[in-house]
């Protein structure tokens, strides 16, 4: 056999042995830190468009809001409804699918899938699991993770029938709350964080169908506001929603929601005054006015 041809055969045999060893052996251990998770979803995998797989939960509800805007309070009010399951923050954006072998991309493509759609299937399964927990399967499941505000284009792509609750709070109050919560707060960084949330929430409100609620109205008249939300979601209002302290909502812990004494009290407490708007970025003041808030002083 000519040398060139024999070399090609040996090269093919080596590649076959390598692929067989990969397939039969354990996954290679991950080295180094986990990759940073971008705020915005990245581009889809290369290849033809992928048809979404059937969803176990075709119409989840996503509560979009800035941080420190009362989303945990609204979460437990919704979770007090017998037909609504609203668990702690689920952080779907941090649940990833890793295609471990160099031939795995081809394998899932043959199934009409890609990495992003595999992640959507995983997220869908998590939502379904949350909806089915407890003594009965709820009609609706709500994810209230604030970081979903950055993820809304992908959520809309994954669940075209999803519904959205937009929760607003005076930006000056959000800034004050973040400043009080953090050690050695960086005012400039906090302003930038609140502005990024506000800008993205405004984009979502313009693009998506949903119901908008303010934290101030929710705490001042919780029955009226929860009735509005229930009407949008297509479920009857239930008086248990006003007594969240009498229900089991899981442990209040850092990283999965608010854990302050205020939320632990089990009582709906009126919102604190927003305070001064002095020093807020001009664009944040514009958004506050667009949301109907006073920006004097």
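Coordinate-derived values only; no laboratory data. Since the structure is predicted, the reported quantities are computational estimates derived from the model, not experimental observations. Cβ coordinates were reconstructed from backbone atoms using ideal geometry, including for glycine residues, and neighbour counts include every protein chain displayed.
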| request: Calculate the spin-label point distance for residue 290 paired with residue 255, positioning each point 7 Å from the Cα along the beta-carbon direction, and give it in nanometres. | output: 3.4 nm
| request: Using a/c under 1.5 as the rounded threshold, could you call segment 82-170 rounded, prolate or oblate? The axes a ≥ b ≥ c are square roots of the C-alpha gyration tensor eigenvalues, and prolate needs a/b larger than b/c, oblate otherwise. | output: prolate
| remark: Expected sort for 144, 11 with the fewest Cβ neighbours (10 Å cutoff) up front is 11, 144
| request: Assign one of three labels to segment 49-290, namely rounded, prolate or oblate, based on the Cα gyration tensor with a ≥ b ≥ c the square roots of its eigenvalues; rounded applies when a/c is under 1.5, prolate when it is not and a/b is larger than b/c, and oblate otherwise. | output: oblate
| In nm, spacing of pseudo-spin labels at residue 207 and residue 14 (7 Å Cα→C-beta vector) | 4.8 nm
| residue 100 to residue 137: extension gain in nm, 0.36 nm per residue of separation minus the Cα-Cα distance? | 9.9 nm
| request: Among 150, 164, 232, determine the one that fluctuates most according to a GNM of the chain built with springs between C-alpha atoms less than 10 Å apart. | output: 232
| remark: Ranked from fewest to most other Cβ atoms within 10 Å of their own Cβ, 291, 237, 152 fall in the order 237, 291, 152
| message | Over the chain, what is the relative contact order in percent, taking alpha-carbon pairs closer than 8 angstrom and at least six residues apart? | response | 24 percent
| query | Could you give the angle, 0 to 90 degrees to the nearest 10, between helix 148-158's Cα long axis and the longest principal axis of the Cα atoms of the chain? | reply | 50 degrees
| said: Which one, 269, 247, 106, has the greatest fluctuation when you compute a Gaussian network model over the chain with C-alpha springs under 10 angstrom? | reply: 106
| note | Comparing 146, 222, 281 in a Gaussian network model of the chain (Cα, 10 Å), the one with the largest mean-square fluctuation is 281
| remark: Ordered by fewest other Cβ atoms within 10 Å, a rough proxy for footprinting exposure, 159, 259 read 259, 159
| Okay, helix-only estimate at 222 nm for the chain: each DSSP H run of n ≥ 4 adds -39500 (n - 2.57), divide by all residues, round to 500 deg cm²/dmol; what do you get? | -13500 deg cm²/dmol
